[in-house]
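To start, the structure itself, in structure tokens.
The values are calculated or read from the model by the stated rules, or taken from the named source; none is laboratory data. Nothing here was measured: the structure is a model prediction, and the numbers come from that model. Counting neighbours? That spans all protein chains shown, and the Cβs are built from the backbone with ideal geometry, glycine included. Protein only, heavy atoms only, side chains kept; ligands, DNA and RNA dropped before computing areas. Shrake-Rupley method; radii C 1.70, N 1.55, O 1.52, S 1.80 Å.
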Amino acid sequence: MYARSTTMRVRPEAVVDLVAFVRDEVMPMVTDLDGCVGLSVLSDRDTGRCIVTSAWETADAMHASAERIRVSRERAAERFGAAPEVQEWEIAVLHRAHRAGDGACARVTWARSDAAGLDRVTDAYRESLMPWWEETPGFCSNSLMVDRRDGRCASAVVFENREAMANTRDQFTTLREEFASRMGVEVLEVAEFDLTLAHLRVPETV
């Protein structure tokens, strides 16, 4: 499975309109394309940062969609005055404990590793991090996306609500630092978002 993420930074007061644009105009078009298995939106109403991610059965399907989605992305960029940042990924891990409902949110960690060691990082992610999340109250799902060209990866952990996510913050920081030190991973950024839109049919990859 593969994914394309588009990050847009808009005025905070424009986040609701951007999400509506994605829901009403982008999502119907994208999810109708061959090989698409869903779309999600993460948003931060304080900063105006939004991440739109489309998921694909194969790399070929993702690349075949590029032109149609580019046109839509440019229309959104012009409308909201944003400069889109696009990244393509392989979905290395996706696990759902249960469905995320209204009020769900996500903590995303971006990191970089030696590209040749991504499989080792992925295995350790499954073995040492996922069992901890499974025991965490309010946990909904987790995913790990990787870019094998440069060793970048992005992990998203979804919780039922902000309170559940906040309750894990200190433990998560300790766990993340220990994992990064042990695996030789450089943590680039950690950010928290509302899971504003989740229309995904991606099968589990564990």
Open item on the list: Between helix 66-80 and the chain, what is the angle of the helix's C-alpha long axis to the longest principal axis, kept within 0 to 90° and rounded to the nearest 10?
Closed with: 80 degrees
Task: Folded to 0 to 90 degrees: helix 169-183 orientation relative to the chain principal axis, Cα - done: 80 degrees
Open item on the list: For the ranges 189-197, 173-181, what's the packing order if you count other beta-carbon atoms within 10 Å of each residue, average per peptide, and put the highest first?
Closed with: 189-197, 173-181
Task: Long-range HN-HN contacts of Val10 with modeled amide H, under 5 Å - done: Arg49, Cys50
Task: Alpha-carbon Rg/Rh ratio, for the chain, with Rh computed the Kirkwood way - done: 0.95
Open item on the list: Among 50-59, 127-136, 6-15, 141-150, how do they line up by average Cβ neighbours within 10 Å per residue, starting with the highest?
Closed with: 50-59, 141-150, 6-15, 127-136
Open item on the list: 5 Å is the cut-off here: which amide hydrogens, built 1.01 Å from N in the peptide plane, fall below it relative to Arg148, excluding neighbours closer than 5 in sequence?
Closed with: Glu90
Task: Rounded accessible area of Val93 (nearest 10 Å², 1.4 Å probe) - done: 0 Å²
TODO: Could you state the accessible area per residue of the range 2-200 in Å², with a 1.4 Å probe and every protein chain left in place?
DONE: 49 Å²
Open item on the list: Rounded, prolate or oblate, given the Cα gyration tensor of the range 1-111, with a/c below 1.5 counting as rounded?
Closed with: oblate
